[in-house]
Amino acid sequence: MLSLVFLSAFVGIAWNLMMGFAGQLSLGHALYFGVGAYVLAIVSERYGLSPWLAMIPAAAIPALLGVGIGALGFRFTVRGVYFALLTIAFAEFARIVFEHWDYVGKTGGLFLKALTASNRPLVSLRGGATFFYYALLVTMAASWLLSAVLVRSHIGYCWRAIREDEDATRALGVKVFRLKLLAVAISAALTGIAGGWFALMNGSLFPDSVLGMSMSINLIIAPIVGGLGTLFGPILGAFVIVPINELSRDLAQSFSVNGLNLLIYGVLLMTVIKIAPQGCWPWLATQLRLAARTATGRGRP
């Protein structure tokens, strides 16, 4: 469960860089996630490359795809929901291609080889639940640190300026086009790495599962619930969303109620919108500050 939480937080941090800080809405991040998963599986299984090295193309190829899509959209001033539709179109196109491509197994899926008794997790990057727990914890922490450094740098301030008013930022002489492409490239690369970890954890890949629209939605729920444009929002959102998703799935199976998890998702999102419109982390941070002031006698109870 915690491994899934860390993976969800990792992807949320990647998407939050692009949307929460740079203001570029992407609803097709499953493209980068799925391509990263397939690239790692193919390169490591069919060509015998170490999974450590396979992570490089698993990040580089999604980054190149992101730059290509971003350059196409930004060059023609495609913004907001129209850019989101562009990302959805490319993700769906990739899903259809993979479903009819013999090299990746089409709809029958692509499978990694079963682990042997001599398997060494630090070499194969595959192991039991404990290994993935520590591996994804370290990966999530590293991505959070990278995000914190970027956000607090000159690049991060420019991203936020673009998010608030792109035209005014351009008028100040900021290289808006390049900075937006940089945000897309970093976000896509990190998402590709997350896809690679997903392939290593699951051992099997299917186009509809890793490239479908449902995956794109699942990737972005955690940062939305946690709080967009915050460093801790994606992590808090993952700790809220993943357990609820797993619990609702078990309840749906126990009571034979199809779609129960979607119903619970909907109720959760409505609750968050009602109680904390900006996300859980901004609301929680406010409550903690009020509690601290009350405890020191400087605020009202």
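See the values below:
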{"quantity": "Sites Ala60 and Ala168, calculated FRET efficiency, Cβ-Cβ separation with R0 30 Å, nearest 0.05", "calculated": "0.35"}
{"quantity": "Gap separating the Cα centres of the stretch 189-244 and the stretch 91-114, nearest whole Å", "calculated": "20"}
{"quantity": "Relative contact order, percent, the chain [alpha-carbon distance under 8 Å, six or more residues apart]", "calculated": "33"}
{"quantity": "Cα gyration tensor shape for the stretch 228-275, rounded if a/c is under 1.5, else prolate or oblate", "calculated": "oblate"}
{"quantity": "Loop-located trypsin sites (Lys or Arg not before Pro) in the stretch 74-130, at most 15 other Cβ atoms within 10 Å (DSSP)", "calculated": "Arg79, Lys113"}
{"quantity": "Taking the C-alpha atoms of the chain, convex hull volume expressed per residue in Å³", "calculated": "167"}
{"quantity": "Per-selection metrics, the stretch 120-270 (Cα): Rg and Dmax in Å", "calculated": "18.5, 59"}
{"quantity": "Label-point gap, in nm, between Leu262 and Lys175 - each point 7 angstrom along Cα→Cβ", "calculated": "4.5"}
{"quantity": "Accessible-area value, Trp283, 1.4 Å probe, nucleic acids and ligands omitted, Å²", "calculated": "110"}
{"quantity": "Sequence of Val257, Val184 from largest to smallest accessible area, 1.4 Å probe", "calculated": "Val257, Val184"}
{"quantity": "For the stretch 8-163, alpha-carbon Rg and Dmax in angstrom", "calculated": "17.6, 55"}
{"quantity": "Ala291 paired with Val78, simple spin-label distance in nm, labels 7 Å along Cα-to-beta-carbon", "calculated": "4.5"}
{"quantity": "Summed residue charge, Cβ within 15 Å of Ser50's Cβ, Lys/Arg positive, Asp/Glu negative", "calculated": "+3"}
{"quantity": "Anchor Lys113: aspartates and glutamates whose Cα lies under 13 Å away (excluding residues fewer than 8 positions away in-chain)", "calculated": "Glu45"}
{"quantity": "Point-charge dipole on Cβ atoms (K/R +1, D/E -1) for the chain, about Cα centre, debye to 20", "calculated": "840"}
{"quantity": "Gain in span if fully extended, Met213 to Thr130, counting 0.36 nm per residue against the direct Cα distance", "calculated": "26.9 nm"}
{"quantity": "Accessible surface ranking that places the most exposed of Trp281, Trp197, Trp52 first, with a 1.4 angstrom probe", "calculated": "Trp52, Trp281, Trp197"}
{"quantity": "Where labels lie 7 Å past Cα in the beta-carbon direction, separation of Leu146 and Lys113 in nm", "calculated": "2.9"}
{"quantity": "DSSP H segments from the chain that extend 18 Å or more along their own axis, Cα-based, with Kyte-Doolittle mean of 0.0 or above", "calculated": "2-16, 30-46, 51-75, 80-99, 129-151, 176-202, 213-226, 233-255, 260-275, 280-295"}
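The values are calculated or read from the model by the stated rules, or taken from the named source; none is laboratory data. The structure displayed is predicted, hence computed values, not measured ones. Neighbour counts run over all protein chains shown; Cβ positions are idealised from the backbone, glycine included. Each accessible area value is taken on the protein alone, full model and side chains, heavy atoms only, with ligands, DNA and RNA left out. Shrake-Rupley method; radii C 1.70, N 1.55, O 1.52, S 1.80 Å.
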